[in-house]
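Each remark here refers to the structure printed beneath this line.
The values are calculated or read from the model by the stated rules, or taken from the named source; none is laboratory data. Treat the numbers as computed from the prediction; the structure is a model and nothing was measured. Cβ coordinates were reconstructed from backbone atoms using ideal geometry, including for glycine residues, and neighbour counts include every protein chain displayed.
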Amino acid sequence: MERTINPTRPSSRGDVRLRVGFILSGRFTLCAFANFVDVLRLAADDGDRSRPIFCNWSVLSHDMSPVSSSCGVRVSPNERLGNPKDFDYIVVVGGVMDETPDLNPAYTRYLKRAANEHVPLVGVCTGAFLLHQAGLLDGFRCCVSWFHDPNFLEQFDGLNPVSNQIFVVDRDRLTCSGGASSAHLAAYLVDKHVGRAQAQKSLRIMIIDGAQDAEMPQPGVTLEFRTKDPLVHRTLLIMQQNIDTPLTIKEIAKRIGESKRRIERHFRAELDMSPQAAFLSIRLSFAHHLVTSTQKSVARIAVDSGFCDASHLSRFYKQRFGATPHAIRQQPEKHQIMLTG
């Protein structure tokens, strides 16, 4: 007679190597949560039947009310808050900060109890800010998205943000900026507790190209453009969001209500270059990322990075990186020193 298996509980606790409890904030990001859970689900079974054999996960609640995500999809919890030591990790999934209410005091008490009992805490998406608000990230580095404006980060006094990695592991605090990075953080945990083969299996099924190390840079504003100037930072963000359809500096100035000349002065003072040169550099860095990490054609990469065609891209690409995209793909070892030196 076939047994009925609860999809969130393992058939035998002795098989479980990784147990994860989730706390979802109001207006949480569904993509970040789903990516994390699916890595666990696909790693949990030797086959592809989604049985929670090696991994166990559960959505926790103080009152068992469904939680609405930022896109409106509602998730029903599996169980009430209990003993944090039932889990190897407690994951807080955040969402739209301006619309996310503060964590219910019951969750804050639960997370503090978990910390006191040395259960590692994970902040996904803006979950890091929620952990910080609960006083649980003091003295810890944490990952935040490159997209966050410095003025926003200033609201969180004492936060030690890192925006140039896809996730950060600092002792028993783990954080990531959400999106695909939550899958890589989950794969890191699966690799550590279940096995590398299971982690790789999950990512392959999800059509994600291999596990990324924590130090992998976020695909955001290139690291050469570190600035505390609000006008320069805001302009760089608009450039980053319009890589495939480049705007003129005049168009950007109109969007943010500033003069073209003032933007140019700030770029000269802060970065010692024109905004046009910075925008070209951002597009070329993005093109280089696609050349070295995807199988897209050079023609497609040219379109995705805002160039007219492959020859237009190749001309500027060679000036920046010392070789054409085709040459780098054919002999990556030959150009490695040039690109990293």
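Side notes on the structure shown:
- Of all the residues in region 107-120, those that are outside any loop (DSSP other than H, G, I, E, B) and either surrounded by fewer than 15 Cβ atoms within 10 Å (Cβ to Cβ) or of a type in the set (Ser, Thr, Tyr) (or both) number 5.
- First in region 282-304 and within 28 Å of residue 271 (Cβ to Cβ) and in the same structural domain as residue 241 (by TED's automatic domain parsing), second anywhere and of a type outside the set (D, E, K, R) and outside any helix (DSSP H, G or I), Cβ under 6 Å, 6 or more apart: 282/222; 283/243; 283/305; 283/306; 285/222; 286/243; 286/305; 287/305
- Conditions (1) at pLDDT 90 or above; (2) under 29 Å from the mean Cα position of the chain (by Cα); (3) assigned to a helix (DSSP H, G or I): number failed by residue 327: (2)
- Residues of region 284-314 satisfying the condition of being outside any helix (DSSP H, G or I) and within 17 Å of residue 246 (Cα to Cα): 305, 306, 307, 308, 309
- The residue list 158, 123 contains one member that is assigned to a strand (DSSP E or B) and either touching a helix residue (DSSP H, G or I) at 6+ places or on another chain (Cβ under 6 Å) or at pLDDT below 90 (or both), which is 123.
- From the options 290, 280, 237, residue that is of a type in the set (A, V, I, L, M, F, W, C) and out of contact with any helix residue (DSSP H, G or I) (no Cβ under 9 Å at 6 or more places or on another chain): 237
- Restricting region 222-259 to residues that are surrounded by 13 or more Cβ atoms within 10 Å (Cβ to Cβ) and among the hydroxyl-bearing types (Ser, Thr, Tyr), the residue that is nearest to residue 305 (Cα to Cα) is 222.
- Answer from 279, 267 - the residue that is assigned to a helix (DSSP H, G or I), over 30 Å from residue 167 (Cβ atoms), of a type in the set (Phe, Trp, Tyr) and modelled with pLDDT of 90 or more: 267
- All positions within region 56-93 that are within 21 Å of residue 187 (Cα to Cα) and either under 22 Å from the mean Cα position of the chain (by Cα) or of a type in the set (D, E, K, R) (or both): 57, 58, 59, 86, 88, 89, 90, 91, 92, 93
- Just one residue in the set 115, 199 is in contact with a helix residue (DSSP H, G or I) (Cβ under 9 Å, 6 or more places away or on another chain), modelled with pLDDT of 95 or more and assigned by TED's automatic domain parsing to the domain that holds residue 46; that residue is 115.
- Inter-residue pairs, beta-carbon under 9 Å, first under 12 Å from residue 262 (Cβ atoms) and in region 231-251, second of a type in the set (Gly, Ala, Ser), 6+ apart: 232/269; 232/278; 235/253; 235/278; 249/274
- Filter result (closer than 14 Å to residue 24 by Cβ, buried (at least 16 other Cβ atoms within 10 Å of the Cβ) and at pLDDT 95 or above) within region 79-106: 81, 90, 91, 92, 93
- Flag for residue 249 being at pLDDT below 95 and among the β-branched types (Val, Ile, Thr): no
- Residue 26 vs. criteria surrounded by fewer than 17 Cβ atoms within 10 Å (Cβ to Cβ) and not aromatic (Phe, Trp, Tyr): no
- For region 210-218, the count of residues that are within 30 Å of residue 321 (Cα to Cα) and either at pLDDT 90 or above or in the same structural domain as residue 142 (by TED's automatic domain parsing) (or both) is zero.
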